[in-house]
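One structure is given below, encoded as structure tokens.
Nothing in this text is a laboratory measurement; each read-out follows from the coordinates by a stated rule. Worth saying up front: this structure is predicted, and the values here are computed from it rather than measured. Note that each Cβ is placed from the backbone with ideal geometry, even for glycine, and that neighbours are counted across all protein chains shown.
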Amino acid sequence: MAWMPPAPAAPPAAPALLATFRAVRRQTDALVEGLTPEDCMLQSMADASPVKWHIAHTTWFFETFVLERAPGGWRPVDPAYRRLFNSYYVGVGERHPRPERGLLSRPSFAEVQSYRRTVEQQVAALLEQRALAPDLLALVELGLHHEQQHQELILTDLKHHFSRNPLLPAYRPLGKRPVGDPPGPLRFVGFEGGRTELGHAGPAFAFDNEQPRHTAWLAPFELASRLVCNAEYLAFIEDGGYRRPELWLSDGWDLCSREGWQAPLYWQRDGENEAAGWRHFTLQGEREPAPGEPVCHLSYYEADAYARWAGARLPTEAEWETAAASLGPPGSGTGSGRGCLLEQGLFHPRPANGDPLAQMFGDTWEWTQSAYLPYPGFRAAPGAVGEYNGKFMINQMVLRGGSCATPASHLRASYRNFFPPQARWQFSGLRLARDAG
């Protein structure tokens, strides 16, 4: 029998999409509120993009994949934008080099905002017609989730941009930082293993890399009841964790030595000698790392080295998803909390320590030991939009769970994030796992 792709979930009707479209755009505007045009031009490294570019690119996505395919035709706002704000869609045409996005002082931020408003009005008018083809509605829905991914990138990238400023400016300063409860003792929760089903089960939206749903087999395993916290990671540092090559993968040790890593990204000694305490940079400005908060901004290599030091390992993504799915959906009161880090004051309190698996959703992204690969039967969509995820299924590792910067609608057991193992600027931490018995 020939392989048949899974039937895509039916997109919401136009009125529902219109309401979501307006809500998502308002949230992006809220993230940018208070920033200056100069703030929005910063590009501190090749992997990060200016806020202005994120605003322009998410607008470009709707213009290119929705308006250009809509009935009646579409005249581009500016033909030059097709190249300037294309990210990696080779099928669409040329792209401005990613490391040089910070050089695009023109168009101005005001012009980018005008571009955004024009496209937004046209998309809204299109959705008000109601009688739209399902494939066009599906592209609008994809565009909304795409913009939410860039909302997260606005925060992660801006944090890195601001960290390079000697003034260490705060994105959202708070008069008094909320203090969370200390974490409960770290314990391991056992799972029997056996047959399990992985991947998105529908009917709500999911990205193509979460599908198709398929069967997998697991050996018995144990998963830590919570994330590794700052105090525990500090013990690793003080035990020479960054000076012990036996704990590190070869590529990781070479990178750690070459870059001079001594602690997670954004951590700095509060003084010249090794006896000095640590401070770290947050979206609220610089402060001491709270002992009970999840450690954050780790590369895969650091997470793996810590796990070895702790006599454990990182979970596979199948183990993580199986455990997360057993808790119920995020927000059900089990294993989900938003923003233990409370980096920006936009999210909900952390879960109670009594949860069997706490902090599974919405604190930090959790590295897994799984390479980012296609699920059995995966097929990319035809055309340029098929470049969305599939082309990156090599040389990257999977992260699960979402962070304090992840939009709430993206918190689900099947969500697969992916980054190269050296990446540190994302809100990435770790949860320990080990073989049962």
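Data for the structure
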read-out: The chain: calculated mean residue ellipticity at 222 nm from DSSP helix runs of at least 4, using -39500 (n - 2.57); value: -9500 deg cm²/dmol
read-out: Residue-wise HN-Hα coupling along the range 397-405, computed from phi with Karplus coefficients 6.51, -1.76, 1.60 (Hz; x: Gly, Pro); value: 10, 8, 10, 10, x, x, 10, 5, 9
read-out: For the chain, with +1 on Lys and Arg beta carbons and -1 on Asp and Glu, the positive-most of LEU167, VAL119, PHE378 along the dipole; value: VAL119
read-out: Fewest-first sequence of TYR88, TYR372, TYR300 by Cβ atoms within 10 Å of each Cβ; value: TYR88, TYR372, TYR300
